[in-house]
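**Student:** Take this structure first; my questions come after.
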Amino acid sequence: MARFELKLPKMGESVAEATITNWLKQVGDKIEADEAVLEIATDKVDSEVPSEVSGVLVEQLFGIDDLVQVGQTIAIIETDANAVPQIVKQEVVVPVEVATIEKTIEVAKETVSAPTNFSDSEKFFSPLVKNIAKEEGVSLSELENILGSGKEGRVTKEDILNYIKNKSPLTPEGGIPSEKKQEVNQELQVGTPNNFSEQKTSLYKSQPAPPSGVGGLNSGDEIIEMDRMRKLISGYMVASIQTSAHVQSFIEVDVTNIVKWRDKVKTAFEKREGEKLTYTPIFMEAVAKALKDFPMMNIAVDGDFIIKKKNINLGMAASLPNGNLIVPVIKNADQLNLVGMAKAVNDLGNRAKTGKLKPDDTQGGTYTVTNVGTFGSVFGTPIINQPQVGILALGAIRKVPAVIETPEGDFIGIRQKMFLSHSYDHRVVDGALGGSFVKRVAEYLEAFDVDSDF
């Protein structure tokens, strides 16, 4: 009987680890080839790990919430599909005896060394920190007393390793050491390679559970715990506000020509290309052109250094099946024509809705676009997707009365207009650059050729 080692598969060049969120199969369960065995999560994408063989699951090497490295063995599968693990056979033959033995083992475990339940703490600890604490036998009370050097006193990997080495809490003096500010925090990567970030901030802020009946709670109020993705999004947003000096520029754009052109060609476009033509690829094309004109908007910040990006990789906010948002990335967007852009937009959008995005699909973004007009908003003030320095919000297209200038004079007419809202990092982007960039996007949109082919 052969034993197959199920390993955590490679999920992209920039993904080195994942957290186990759920075991879909338990020890003793039969598994078919290509059937999902467990669910995992990276910092942005949740996915399933299928089995490459048929057989019976005989061992789970990691538990829920454990952090696993790519290539590590996570389960053992007996490839003889007719074979049943010995413990399962014993349970069927002598269930009372097996149950008694298992109960005795559990009591012994609790007597000798009760496992630490870090979820009982009101503080947040990253999966990596909890994993180190479990392996090194650090108790919950010890972990809670470590004074972290991260943002708002968060315990970092270095903090717990130093605690284990010195067996004394760390007391940061004079703020965070400068060398730590330059270290990489992979948990705070948002659409960037794993070798970039100055942040040493936890993914999300821990909040104590509100006690029942106090703190403004009334009878009948419902307390809902945020899901994992919402906690991540919350952490990203707070970290971005704490990192960048946000400032906005707004501009109104006449997109009447674009609306007329799309209405004219969308049926033929879908028939020829097999793709629906939305407004998004048209807007993304204009943004890519403007980034080529203003390359200092296509940058990232690393401490006191500005990294000027060679490639223009546009992130586009998209909805997940659970209603949360994710930002898949169109790589080398400036090299795509309208047809290529439409295919890329539709592909990423569809895979986001069906939960089939890969980790690499959300990596490497250099600038982000979000369409708040989808929800009827006229304009918005989006938060920058770190470590980028700008994000553009597209407002709803509306019919409005407007002054139209002609050689014969001005007159009032009905035009299709929308607002563009540009949020940018005032640490490195001045108002002249931020305003000029969004103005250039507007100019490209208003100059759209209604007689052009696709």
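Computed from the coordinates by the stated procedures, all read-outs in this text should not be read as laboratory data. This is a predicted model, so every value here is computed, not measured. Ideal geometry is used to build each Cβ from the backbone, glycine not excepted, and the neighbour counts take in all protein chains shown.
**Student:** Determine how many Å³ per residue the convex hull of the Cα atoms of the stretch 246-446 encloses.
**Tutor:** So the per-residue hull volume is 133 Å³.
**Student:** May I ask for the net charge around Ile224, where only other residues with Cβ less than 14 Å from the Cβ of Ile224 are counted and Lys, Arg are +1 while Asp, Glu are -1?
**Tutor:** Result for the local shell: -1.
**Student:** Would you kindly give the portion of the calculated P(r) for the stretch 272-332 that falls above 17 Å, as a percent of all Cα pairs?
**Tutor:** The calculated P(r) of the stretch 272-332 puts 55 percent of pairs beyond 17 Å.
**Student:** Right, here's the next one. Under 8 Å for C-alpha pairs, at least 6 residues apart: give me the relative contact order for the stretch 382-443, rounded to a whole percent.
**Tutor:** Relative contact order, the stretch 382-443: 34 percent.
**Student:** Using the Cα atoms as the points, what is the convex hull volume per residue of the stretch 3-83 in Å³?
**Tutor:** Once divided by residue count, the hull of the stretch 3-83 is 74 Å³.
**Student:** Could you tell me the center-to-center distance, by alpha carbons, between the stretch 386-404 and the stretch 343-381 in angstrom?
**Tutor:** Using only Cα atoms, the two centres lie 16 Å from each other.
**Student:** To the nearest Å, what is the center-to-center distance of the stretch 1-70 and the stretch 294-337, using C-alpha atoms only?
**Tutor:** Measuring centre to centre over Cα atoms gives 30 Å.
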